[in-house]
Amino acid sequence: MSKNESVDRTRGPKIQLATSLDKKDEALVIGLVAPEGPDADDTDAAPTLFIGDGLLDDAQASAISDALVAVGAAGTHGDVSSIPAPESLGVDVVVAVGLGSADDVENPEKLRQAAGIAARALAGRRQVTTTLAAGGIEPVAEGFFLGAYRFDEFRSAKTLPTKTPPTTVRLLVENTGKSATAQLDHAVAIADATAIARDFVNTPPSHLYPEEFAERARLLGSKAGLKVEILDHTQLEKDGYGGIVGVGKGSSRLPRLVRLTHAGKKDAKKVALVGKGITFDTGGISIKPAANMDHMTSDMGGAAAVIAATILAARLDVDVSVTATVPMAENMPSGTAQRPGDVLTQYGGTTVEVLNTDAEGRLVLADAIVRACEDDPDYLIDTATLTGAQMVALGARTPGVMGTEEFRDRVADLSQEVGENAWPMPLAAELRADLKSRVADLANVTNHRNGGMLAAGLFLKEFVADGVQWAHIDVAGPAFNSGAPWGYTPKGGTGVPVRTIARVIEDIAANG
């Protein structure tokens, strides 16, 4: 495997618009709506086909419906049923994916999940066509692309799956004009950016360390037309980035700071993005338990998301100036590592007593936030796999959002629109006193476990410049799925919160 080989790899299927089936199609994917009302519990009640208007004739639809009833297809959300296709369709099989209730047909996230489930169920089929886009082109395109995502870069022929997801997905629609094409292009761009973040997270720390992470960001950023700046360890020390240097000094693989910029028009709003890029986190001297430490390959999920989102802003040519400031370090225990009780000086001059070296993410973020605020942004979004407390409070799938109240709520609302489902959280004022240090301006942790996610947010707030609308998104659980695939979400890197950040940037472009 050559260095940076994964940068240009294909991350998803080719997705096209179509108005009819094609002779190369191997499967037709349709939606199935569960029966409702007084007959819902009747075992003979037939689910309703979701196939759009005029995409199949009555005889075909009737034959498919009868066959699905015969195999017990119920239309429950996420259920998948396969039947031989009527001969007149010219495909091998009809795959019906359950959409749930009739209301779910109008829910973009339910459509997105159904498409993702179908994509996984179609492994071994090369070209498929679906009627699901009758409910919406964008969610279905995103769902198929992300559901078909695979990361097999490190598998040999011994374990490489013999059945792969479809390489071509055709969305049956009534009209393939400019509007439909624009929707498809937009959806594919967002899905591909999400897959870029997934690739970063899934790349093992043996192959993605700070220098290599910075180089891959440079290659992708340059290809997208971004301005790229990389500060190495020597420059970081010279410029006073004490948090990044302090966290990284226990590793032989030295830290970096990457800056990626997409320029909007002269009067465009300015958005700063900051993402935690800890390429592996042992906890340092405050070492983590061995169980599940391998999941810390995902501790650069925030960095992956902001890099991907900035590339996406350039690809979509969004009229917002977006600059990502991305600190990258590896947190290791060694004779040169920082110790509990050490004091470091953050970029900008604030001193911090490091009580726990496993609370390192906030230290690198603090440096990057101060640097990002020097650009006088209107808005600042930082994101990180920051605290285990996020999962305690909200579970493994729900990001927590803290920050300036109005912007925090805006980010959470938009996140819920795109299906990443962030939830607004308070910054409890009483916790701020617990970040006082005996010897420095701040301590990096409190002396108790209460409100750990909120305390981390309060620490970061100290470094945000006055007047900047700010949101901090904690994705400790949502950035990495350690369980079974679900919806369009695979095992491993998820790409959260790329779609949230992208939606916020577009909303700022439209509404200021």
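See the values below:
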{"item": "One residue from Arg170, Arg216, Arg198 being in contact with an Asp or Glu (Cβ under 7 Å, 6 or more places away or on another chain) and buried (at least 17 other Cβ atoms within 10 Å of the Cβ)", "result": "Arg170"}
{"item": "Hits in the range 192-215 (condition: in a helix (DSSP H, G or I) and under 26 Å from Phe144 (Cα atoms))", "result": "Asp192, Ala193, Thr194, Ala195, Ile196, Ala197, Arg198, Asp199, Phe200, Val201, Asn202"}
{"item": "Single unsatisfied condition, Asp152 versus (1) open to solvent by 50 Å² or more (accessible area, probe 1.4 Å); (2) without any contact (Cβ under 8 Å) to a residue 40 or more places away in the chain", "result": "(1)"}
{"item": "Residue list for the range 338-376, filter: within 23 Å of Ser251 (Cα to Cα), surrounded by fewer than 23 Cβ atoms within 10 Å (Cβ to Cβ) and of a type in the set (D, E, K, R)", "result": "Arg339, Asp342, Glu353, Asp358"}
{"item": "Hey, Ile473 within 19 Å of Ala368 (Cα to Cα), in the same structural domain as Leu363 (by the TED database), of a type in the set (Val, Ile, Thr) and under 19 Å from the mean Cα position of the chain (by Cα) or not", "result": "yes"}
{"item": "Flag for Thr129 being in contact (Cβ under 8 Å) with a residue 40 or more places away in the chain, assigned by the TED database to the domain that holds Ile51, more than 18 Å from Pro485 (Cα to Cα) and more than 22 Å from the chain's Cα centre (by Cα)", "result": "yes"}
{"item": "Identity of the residue in the range 377-401, farther than 21 Å from Ala366 by Cβ and not charged (D, E, K, R), that ends up most open to solvent (accessible area, probe 1.4 Å)", "result": "Val392"}
{"item": "The range 225-238, subset under 28 Å from the mean Cα position of the chain (by Cα) and open to solvent by less than 30 Å² (accessible area, probe 1.4 Å), residue nearest to Ala263 (Cα to Cα)", "result": "Leu226"}
{"item": "Residue satisfying condition, being surrounded by 22 or more Cβ atoms within 10 Å (Cβ to Cβ) and either polar (S, T, N, Q) or not assigned by the TED database to the domain that holds Pro485 (or both), within set Ala73, Ala46", "result": "Ala73"}
{"item": "Test: residue in the range 371-391 that is assigned by the TED database to the domain that holds Ala455, among the aliphatic types (A, V, I, L, M) and within 19 Å of Pro205 (Cβ to Cβ)", "result": "yes"}
{"item": "The range 324-337, residues that are surrounded by fewer than 24 Cβ atoms within 10 Å (Cβ to Cβ) and in contact with a Lys or Arg (Cβ under 8 Å, 6 or more places away or on another chain)", "result": "Thr336, Ala337"}
{"item": "Condition check for Lys270: assigned by the TED database to the domain that holds Leu355, touching a residue at least 40 places away in the same chain (Cβ under 8 Å), out of contact with any helix residue (DSSP H, G or I) (no Cβ under 9 Å at 6 or more places or on another chain) and within 15 Å of Ile369 (Cα to Cα)", "result": "yes"}
{"item": "Tally of residues being within 30 Å of Asp317 (Cα to Cα) and among the polar types (S, T, N, Q) across the range 244-302", "result": "3"}
{"item": "The range 419-446: number of residues that are among the charged types (D, E, K, R) and under 21 Å from Ala479 (Cβ atoms)", "result": "1"}
{"item": "Set Ala412, Ala433: member being small (Gly, Ala, Ser) and in contact with a Pro (Cβ under 7 Å, 6 or more places away or on another chain)", "result": "Ala412"}
{"item": "Hits in the range 233-261 - residues which are among the acidic types (Asp, Glu) and either in a strand (DSSP E or B) or in contact with a helix residue (DSSP H, G or I) (Cβ under 8 Å, 6 or more places away or on another chain) (or both)", "result": "Glu237"}
{"item": "Test result for Ala484, of a type in the set (Gly, Ala, Ser), surrounded by 21 or more Cβ atoms within 10 Å (Cβ to Cβ), within 25 Å of the chain's Cα centre (by Cα) and not assigned by the TED database to the domain that holds Arg112", "result": "no"}
{"item": "Leading residue by the ranking (nearest to Ala510 (Cα to Cα)) among those in the range 280-306 that are among the β-branched types (Val, Ile, Thr) and out of contact with any Lys or Arg (no Cβ under 8 Å at 6 or more places or on another chain)", "result": "Val306"}
{"item": "Residue that is nearest to Thr489 (Cα to Cα) [pool: residues in the range 86-109 that are open to solvent by 10 Å² or more (accessible area, probe 1.4 Å) and in contact with a Gly (Cβ under 6 Å, 6 or more places away or on another chain)]", "result": "Glu109"}
{"item": "Members of the range 283-308 that are open to solvent by 10 Å² or more (accessible area, probe 1.4 Å) and in contact (Cβ under 8 Å) with a residue 12 or more places away in the chain", "result": "Ile285, Ser286, Ile287, Lys288, Asn292, His295, Met296, Thr297"}
{"item": "Counted residues, the range 117-146 - those being in a helix (DSSP H, G or I) and either surrounded by 23 or more Cβ atoms within 10 Å (Cβ to Cβ) or hydrophobic (A, V, I, L, M, F, W, C) (or both)", "result": "16"}
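Yes or no, residue by residue, for (1) β-branched (Val, Ile, Thr); (2) outside the structural domain of Gly116 (by the TED database):
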{"position": "Val140", "(1), (2)": "yes, no"}
{"position": "Phe144", "(1), (2)": "no, no"}
{"position": "Arg150", "(1), (2)": "no, no"}
{"position": "Thr162", "(1), (2)": "yes, no"}
{"position": "Asp185", "(1), (2)": "no, yes"}
{"position": "Val188", "(1), (2)": "yes, yes"}
{"position": "Ala214", "(1), (2)": "no, yes"}
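The values are calculated or read from the model by the stated rules, or taken from the named source; none is laboratory data. All values reported here derive from a predicted model rather than from experimental measurement. Don't worry about glycine lacking a Cβ; one is built from the backbone with ideal geometry, like all the others, and counts go over all protein chains shown. Accessible surface is based on the protein model in full, side chains and every heavy atom, while ligands, DNA and RNA are left aside. Shrake-Rupley method; radii C 1.70, N 1.55, O 1.52, S 1.80 Å.
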